[in-house]
Amino acid sequence: MTVDQTRVPAPSRSEYCVIACAETWRGDGEVLASPMGVIPSLGARLARHTFSPELLLTDGEALLIGPGDEVEGWLPYRRHLTMVTGGRRHVMMGASQLDRYGNQNISCIGDWARPARQLLGVRGAPVNTLNNPVSYWVPRQSRRVFVEKVDMVCGVGYDRAEGARFHRIPRVVTNLGVFDFETRDRSMRLCSLHPGVTVEEVREATGFPLALPGGGSVPCTREPTAEELRLIREVLDPDGRRDREIGAR
């Protein structure tokens, strides 16, 4: 059932982003969701509340929690590492730069030997991307983020991951649309537009040639159901943090 537009306000751009992030965990089964950012976290919790009840959530430390933050179990570090290295975690990370093959940079801007700007550092990105599925969340897509070549590879893309058993990049979600790598050469493809966004807007915010679905027609990101909107607005994020992450539109 889709939203009855006569009864509730139409979904906002940030709510479409939450829905798109939630969809990245659809069908994953009992895996550990590791969302980074407000909207990915809302998406993971929404998925757990609705179509992915087997999804495992944590408090960010050592406790497994339910959709209402109730404690469900204990996840010691050794068990966490087993899941990380065995493909049983699905991370949604951010990206300061991302190229057409999914190589991600969160370390520095400019030459790594003498960077113009120091960022987070490589951190766990190589291990994450080679050992379990990793999706990406970009709250403000632009040519500064979607680049022809990243300044430093932190998260490993498809052109560098040959032989990595658990490497997979299911989705990239931005404030403009949803992307995947379901192309012959594993380059990025635009697979849905958030309502109100055009293909030209996305191309203008992308620093490399972007593949489109066969036939060239790009569908819209799916509509939330009435229950999903209620959960987002009344249960998961009544304070509207989702709007602030992308800049309310």
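The values are calculated or read from the model by the stated rules, or taken from the named source; none is laboratory data. Please read all numbers here as calculations on a predicted model, not as lab measurements. Glycine also receives a Cβ, built like all others from the backbone with ideal geometry; neighbour counts cover every protein chain displayed. Keep in mind that these areas ignore ligands, DNA and RNA; they rest on the heavy atoms of the full protein, side chains included. Shrake-Rupley method; radii C 1.70, N 1.55, O 1.52, S 1.80 Å.
Summary table
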{"read-out": "Candidate set: the range 81-93, residues that are surrounded by fewer than 17 Cβ atoms within 10 Å (Cβ to Cβ) and of a type outside the set (Ser, Thr, Tyr); chosen: the one nearest to LEU42 (Cα to Cα)", "value": "GLY87"}
{"read-out": "Unmet criterion (only one of (1) out of contact with any strand residue (DSSP E or B) (no Cβ under 9 Å at 6 or more places or on another chain); (2) on the phi > 0 side of the Ramachandran plot) for GLY37", "value": "(1)"}
{"read-out": "Residues (outside any helix (DSSP H, G or I), without any contact (Cβ under 8 Å) to a residue 40 or more places away in the chain, more than 16 Å from GLU70 (Cβ to Cβ) and not aromatic (Phe, Trp, Tyr)) located in the range 31-53", "value": "SER52"}
{"read-out": "Selection within the range 173-192 - under 18 Å from LYS149 (Cα atoms) and not charged (D, E, K, R)", "value": "PHE179, PHE181, SER187, MET188"}
{"read-out": "Unique residue being modelled with pLDDT under 95 and either β-branched (Val, Ile, Thr) or within 25 Å of GLU245 (Cα to Cα) (or both) when the list is VAL138, VAL84", "value": "VAL84"}
{"read-out": "Failed item in (1) open to solvent by 20 Å² or more (accessible area, probe 1.4 Å); (2) closer than 11 Å to LEU32 by Cα; (3) in contact with a Leu (Cβ under 9 Å, 6 or more places away or on another chain), with TRP74 passing the rest", "value": "(2)"}
{"read-out": "Residue check for ARG160: touching a residue at least 60 places away in the same chain (Cβ under 8 Å) and open to solvent by 70 Å² or more (accessible area, probe 1.4 Å)", "value": "no"}
{"read-out": "Any hit, the range 170-182, residues being crowded, with 19+ Cβ neighbours inside 10 Å, more than 28 Å from GLY87 (Cα to Cα) and of a type outside the set (Val, Ile, Thr)", "value": "yes"}
{"read-out": "Residue among GLU162, GLU227, GLU223 that is modelled with pLDDT of 95 or more and over 20 Å from the mean Cα position of the chain (by Cα)", "value": "GLU227"}
{"read-out": "Filter result for the condition that a residue is at pLDDT 95 or above, over 15 Å from VAL138 (Cβ atoms) and over 10 Å from the mean Cα position of the chain (by Cα), over ARG13, ARG7, ARG26", "value": "ARG26"}
{"read-out": "Any pair with Cβ under 8 angstrom, 6 or more apart, that starts in the range 199-225 at a residue that is open to solvent by 40 Å² or more (accessible area, probe 1.4 Å) and ends at one that is of a type in the set (Asp, Glu)", "value": "ARG222/GLU23"}
{"read-out": "Residue in the range 146-155 that is within 30 Å of GLY196 (Cβ to Cβ) and in contact with a Cys (Cβ under 9 Å, 6 or more places away or on another chain) present", "value": "no"}
{"read-out": "The one condition in (1) open to solvent by less than 50 Å² (accessible area, probe 1.4 Å); (2) under 17 Å from the mean Cα position of the chain (by Cα) that ARG45 fails to fulfil", "value": "(1)"}
{"read-out": "Filter pass, LEU119 being among the hydrophobic types (A, V, I, L, M, F, W, C), in contact (Cβ under 8 Å) with a residue 12 or more places away in the chain, surrounded by 15 or more Cβ atoms within 10 Å (Cβ to Cβ) and in contact with a His (Cβ under 7 Å, 6 or more places away or on another chain)", "value": "no"}
{"read-out": "Hey, ALA125 in contact with a strand residue (DSSP E or B) (Cβ under 8 Å, 6 or more places away or on another chain), of a type in the set (A, V, I, L, M) and open to solvent by 20 Å² or more (accessible area, probe 1.4 Å) or not", "value": "no"}
{"read-out": "Verdict on ARG186 being of a type in the set (Lys, Arg), over 25 Å from LEU119 (Cα atoms) and at pLDDT 95 or above", "value": "yes"}
{"read-out": "ASN131 modelled with pLDDT under 95 and over 17 Å from VAL202 (Cα atoms)", "value": "yes"}
